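Inspection log for the structure reproduced underneath, given as structure tokens.
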């Protein structure tokens, strides 16, 4: 029997967002909102720094949720399944289309370090359907300034989003993207955790006067308070996903000694690092036929899920 190597490690017990860190009703005072955000982010910081084997898949699954909200904000109808298809069904280095490009921006956020330069930001601007020449050249400096400022992380994230929308009213998607980047810089995370965009349509961003109006970046105190509460809820949602993926990764680790496919370790690593892996995966040591047999066996063991619902060109993930 050929063992898949390396094997995923079983995670230690996960930290949790304590129940008292989530509001159980309306929060009117900015100081109270900041308290909830701080408590939730402290718990999330412990999870991020644990560097569990499955955190790559966790970040990319969060990126997918953010991208679905971003597509909605852009006035499009693609859901998470359609975004996966746009990304994985394209040819190698092919154009995934407008919605898939938005997804690509959040995938990049989740996968790359928290530092930023003009070249990387220009790529993101293009993915979001904007033009770098329309006045974004000073944005890397603004991000760096806020990332190294003395402002608390939630307020720095709100500030960069508000600044971008004030200067470029049509760049709200970029504002949310940069908010999570600045948050990661302030918290000294090696890579960002996509959180805020997924909360943009949550009740905390609804005006408190009963109107359906959404609180947008730049609506000063209201927006800062809403960002704090969104981070508290976003952290709790991220923990819920982490608990689910941790259990699935443990199941994957348990069945690995039963795998016979040479090169199974490459496929396992991809499952732990990404939201989805095509069933047609090929590597230096794993053929397309071998990958298909491997994923079918893992599915039989209930160690992976088929995510597309199709009988052909299937996608697998934790």
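The values are calculated or read from the model by the stated rules, or taken from the named source; none is laboratory data. Computed from a predicted model, the values in this text were never measured in an experiment. Virtual Cβ from ideal backbone geometry, glycine too; neighbours counted across all protein chains shown.
Criterion first (over 23 Å from residue 40 (Cβ atoms) and touching a helix residue (DSSP H, G or I) at 6+ places or on another chain (Cβ under 9 Å)) does residue 146 satisfy it?
So residue 146 fails the test.
Yes/no per residue for (1) within 29 Å of residue 134 (Cβ to Cβ); (2) touching a residue at least 40 places away in the same chain (Cβ under 8 Å); (3) over 17 Å from the mean Cα position of the chain (by Cα):
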residue: 167; (1), (2), (3): yes, no, yes
residue: 171; (1), (2), (3): yes, yes, yes
residue: 184; (1), (2), (3): yes, yes, no
residue: 191; (1), (2), (3): yes, yes, no
residue: 202; (1), (2), (3): no, no, no
residue: 207; (1), (2), (3): no, no, yes
residue: 213; (1), (2), (3): yes, no, yes
residue: 217; (1), (2), (3): yes, yes, yes
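Please determine, by comparing only the residues of region 77-95 that are closer than 26 Å to residue 169 by Cβ and crowded, with 16+ Cβ neighbours inside 10 Å, which one is farthest from the chain's Cα centre (by Cα).
In this case the residue turns out to be 78.
On the basis of being touching a helix residue (DSSP H, G or I) at 6+ places or on another chain (Cβ under 7 Å), closer than 27 Å to residue 217 by Cβ and either crowded, with 21+ Cβ neighbours inside 10 Å or at pLDDT 95 or above (or both), does residue 44 make the cut?
Criteria met by residue 44.
Taking residue 275 as the residue in question, decide whether it is surrounded by fewer than 21 Cβ atoms within 10 Å (Cβ to Cβ) and within 23 Å of residue 49 (Cα to Cα).
When the stated conditions are applied, residue 275 does not pass them.
Tell me the residue from 205, 136 that is surrounded by 15 or more Cβ atoms within 10 Å (Cβ to Cβ) and in contact with a strand residue (DSSP E or B) (Cβ under 7 Å, 6 or more places away or on another chain), please.
Result of the check over 205, 136: 205.
Which helices (runs of 4 or more DSSP H) does region 195-313 wholly contain that include 2 or more residues that are in contact with a helix residue (DSSP H, G or I) (Cβ under 6 Å, 6 or more places away or on another chain) and at pLDDT 90 or above?
Output list reads 220-255, 264-273.
Just checking, which of 159, 126, 105 is crowded, with 17+ Cβ neighbours inside 10 Å, more than 14 Å from residue 63 (Cβ to Cβ) and either touching a strand residue (DSSP E or B) at 6+ places or on another chain (Cβ under 8 Å) or at pLDDT 95 or above (or both)?
159
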